[in-house]
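The values are calculated or read from the model by the stated rules, or taken from the named source; none is laboratory data. Bear in mind that the values here come from a model prediction, so they are computed numbers and not experimental data. In this analysis, Cβ positions are derived from the backbone assuming ideal geometry, glycine residues included, and neighbour counts consider all displayed protein chains. Protein only, heavy atoms only, side chains kept; ligands, DNA and RNA dropped before computing areas. Shrake-Rupley method; radii C 1.70, N 1.55, O 1.52, S 1.80 Å.
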Amino acid sequence: MILRNYIHIQPQYFSPNDLAQITTCANNHELMDAKVGAPTGDDADGKIENEIRSSQVKWILPHEFPKEFQDKLHAGIMRAHEECGWTWDIFYQQAIQYTVYKYNGDSSDGFYTWHTDASPELYNENGQWLQRKTSWVIQLSNPEDYEGGDFQYINPTTVFDRLPQHHIGNIDITDAIHTVPFSGKEQGSLLVFPSFVHHQVQKITRGERRSLVGWACGENYI
């Protein structure tokens, strides 16, 4: 899908009071090692894959947050849709992930390799078969509290536009990889992007990065 914009950043969209509400909700849950391939909010069927992902998470149901926060989040997501020209329908918020990437000084330093949030497989949510369509990230940590941990994404258009007709071989996609600017790392900033966009969190080299991550769903595209 060719889009005008593949990410939308709203710097410091959430206030210190909003972030305090997030912390209050998160404090009601225990951290667990993040897994790969697990259903949202249920890590029973997932696997720990340290070469793919190293982080800890808490799962929080949307209704645990104050309604004012839920409304503000929805408004931010819809603003991204409007300003970026994204026209797909979303109406369901999945369980929300509170994520911690830590620097430990060894191979367990926090990171998450390239991946997409969407899948060909639909999610069965309360009897509805849904597709992840819009992903979002709220930056919780002060950017001075950590180094590394940059959020990067790939603009797919610039990758495929350069494919030769024959003998593809190795293609340099360096300039198709974008790192979110400092405005997107500020505390309270909201990042919104299509769930099919490839993205990663680079390895933490100092401190600890905390974020809140979620997925807005709708019916399958087909």
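Details
- The value of relative contact order for the stretch 1-103, using C-alpha pairs under 8 Å at least six residues apart, is 32 percent.
- Working note: Cα atoms of the stretch 76-125, range along each principal axis, descending, whole Å: 43, 28, 19.
- When peptides 207-217, 95-105, 141-151 are sorted by average Cβ neighbour count within 10 Å, with the highest value leading, the order is 207-217, 95-105, 141-151.
- FRET efficiency estimate (nearest 0.05) - Cβ-Cβ, Y221 to A95, R0 25 angstrom: 0.70
- Estimated [θ] at 222 nm from DSSP helical runs (n ≥ 4, -39500 (n - 2.57)) normalised by residues in the chain, nearest 500: -4500 deg cm²/dmol
- 1.4 Å probe accessible area per residue over the chain, in Å²: 52 Å²
- Pairs from K35/K102; K35/K58; K102/K185; K102/K133; K67/K133 whose Cα-Cα separation, in the structure shown, is over 18 Å: K102/K133; K67/K133
- Projected area, mean over directions - the stretch 135-222, Cα convex hull, nm²: 7.7 nm²
- Long-range HN-HN contacts of A34 with modeled amide H, under 5 Å: S55, Q56, V57
- Largest first, the residues T87, T205, T157 sort by 1.4 Å accessible area into T87, T205, T157.
- Computed extension length for T23-T174: 50.7 nm, one decimal, from 0.36 nm per residue of separation with the Cα-Cα distance subtracted.
- Local electrostatic count, T179, Cβ distance below 15 Å [Lys/Arg +1, Asp/Glu -1]: -1
- Relative contact order (%) - the chain, alpha-carbon pairs under 8 angstrom, separation at least six: 32 percent
- Gain upon complete extension [Q202, S15; 0.36 nm per residue less C-alpha separation]: 64.7 nm
- To the nearest 10, the accessible area of M32 is 80 Å² with a 1.4 Å probe.
- Cα-based Rg of the chain normalised by 2.2 N^0.38 Å, two decimals: 1.01
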